[in-house]
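To start, the structure itself, in structure tokens.
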Amino acid sequence: HTSKLPNVGTTIFSTMSKLANDHQAINLSQGFPDFGGDQKLTDLVCKAMNSGYNQYAPMAGNLELREAIAKKINLLYDTDYHPENEITVTAGATQAIFTIITTFINPGDEVIIFRPAYDSYEPAITLNGGKTVSIQLKAPNFSVDWEEVKSKVTHRTKMIIVNTPHNPSGTVFSKEDMMQLEEITNDTNIIVLSDEVYEHMIFDDEKHQSACLFPGLKARSFVVASFCKTFHNTGWRVGYCCAPKTLMDEFMKVHQFNVFCIHHPTQKGIADYMQEPNHYLGLPAFYQQKRDLFLSLIKDSRFKFTASKGTYFQVLDYSEITQEYDLDFAKRLTMESGIASIPLSVFNSNNLDNKVLRFCFAKEDDTLKRAADVLNGI
Ligand code: GLN
């Protein structure tokens, strides 16, 4: 039998991680740290498990965690979401994204996404009968042409998905970008899905421009965030989304029959951990040091780059080395040179290939040094 996604293969993240494991390559492909999170947090999750937090959480999530999230958002962005009905804890940001799209997209609805786009957006749109409308970010800085966005908005546009800091390019939206988005969606029924899972990984004193900072955007947006990224535990699958009550009420209709709720002890452990605030405030400096180390080590290599402004990814242009198709080159680097990365063409329409690979620098300094040794020899 054919599924509803006949043209979709295995996600590049599984493909490249498996290839890296099979060839014992340094794995800078799938985005996850090769170091652990805070032991205190792990202890608190174990404690929650040992003290009875083992039955269903409320559907929207453990209330203490939702309260902690509301407090965090207030502290960082000076705006309020009501913990009772405007915040939902999800199985990673991926589930939030899938459920938001499933809740609102009907057959024929158009969804605008920016390419290169994270690979889970389009299949979710397709499964719901929606039509993906792609807008290519402009080289070399992956910037948005807002006039083009304006020209692609139609009466069928139901949703616009934005992602800042941006995976895979490592660029960030400016305040002006968000204001353009706010203006374009003004007086429309367009829902904005703002994927902000890298909100705490932003460098060079840039400020993260959350959709919730712009009143016109906040009123129509789901802001999606991730504890996996923030607390270095990508396997825990804990994320959340926030939206005004009227939007969240609709989301809950689907969420309740999708997962009902997620792993309760992890939620309680994170809630307790967040009572001592500001664990995330050190992240920009922490990851900037890793980015700078990585880039200083490969500055004399044949790869070309501009420094990543956010996320824990760095894209490297290899056009001086070879004209190979990026997926082929990424596989060959993994198998022959022992370093795994993510080709960018998989995130583009028609697999447009700009000869760029994405490398994850959420790694021990020693891993980055070994990786740089390999890259310098290519
Ligand atoms: N977000 C991660 C990345 O971009 C991958 C997540 C996944 O493998 N599903 O590398």
Go through the range 176-202 and report how many residues are of a type in the set (Phe, Trp, Tyr) and more than 28 Å from residue 230 (Cα to Cα).
0
Can you tell me which of (1) among the hydroxyl-bearing types (Ser, Thr, Tyr); (2) within 16 Å of the ligand (Cβ to nearest atom); (3) surrounded by fewer than 24 Cβ atoms within 10 Å (Cβ to Cβ) is the one residue 185 doesn't meet?
(2)
Filter result (in a loop (DSSP other than H, G, I, E, B) and crowded, with 21+ Cβ neighbours inside 10 Å) within the range 58-77
60, 61, 62
Of all residues making up the range 9-25, the number that are in contact (Cβ under 8 Å) with a residue 40 or more places away in the chain and within 15 Å of the ligand (Cβ to nearest atom):
7
Taking the range 292-324 and keeping residues within 25 Å of the chain's Cα centre (by Cα) and either among the charged types (D, E, K, R) or more than 18 Å from residue 169 (Cβ to Cβ) (or both) leaves 292, 293, 304, 309, 317
Would you confirm, using the coordinates I've provided, whether residue 358 is in the same structural domain as residue 299 (by TED's automatic domain parsing) and either over 17 Å from residue 28 (Cβ atoms) or within 16 Å of the ligand (Cβ to nearest atom) (or both)?
yes
Does residue 265 satisfy being more than 23 Å from the chain's Cα centre (by Cα) and either among the small types (Gly, Ala, Ser) or at negative phi (or both)?
yes
Output yes when any residue across the range 140-148 is at pLDDT below 95 and away from the ligand (no atom under 16 Å from the Cβ), and no when none is.
yes
Would you mind finding the one in 80, 34 that is within 15 Å of the ligand (Cβ to nearest atom), surrounded by fewer than 16 Cβ atoms within 10 Å (Cβ to Cβ) and modelled with pLDDT of 95 or more?
34
Picking from 305, 359, 329, 313, the residue that is in contact (Cβ under 8 Å) with a residue 12 or more places away in the chain and surrounded by fewer than 20 Cβ atoms within 10 Å (Cβ to Cβ) would be 305
Taking the criterion of being in a strand (DSSP E or B), within 16 Å of the ligand (Cβ to nearest atom) and either in contact with an Asp or Glu (Cβ under 9 Å, 6 or more places away or on another chain) or modelled with pLDDT of 95 or more (or both), would at least one residue in the range 115-133 satisfy it?
yes
In the range 99-122, residues that are more than 24 Å from residue 14 (Cα to Cα) and small (Gly, Ala, Ser) total 1
Residue under evaluation residue 351, criteria (1) surrounded by fewer than 16 Cβ atoms within 10 Å (Cβ to Cβ); (2) more than 21 Å from the chain's Cα centre (by Cα), criterion not met:
(2)
Residues located in the range 1-37, provided they are among the aliphatic types (A, V, I, L, M) and in a helix (DSSP H, G or I):
12, 16, 19, 20
Helices (runs of 4 or more DSSP H) wholly in the range 200-269 with at least 2 residues that are closer than 21 Å to residue 85 by Cβ and in the same structural domain as residue 170 (by TED's automatic domain parsing) - which ones?
215-218, 245-258
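The values are calculated or read from the model by the stated rules, or taken from the named source; none is laboratory data. Since this is a predicted model, take the numbers as computed values, not measurements. With ideal geometry, Cβ positions are generated from the backbone for all residues, glycine too; neighbour counts draw on all protein chains shown.
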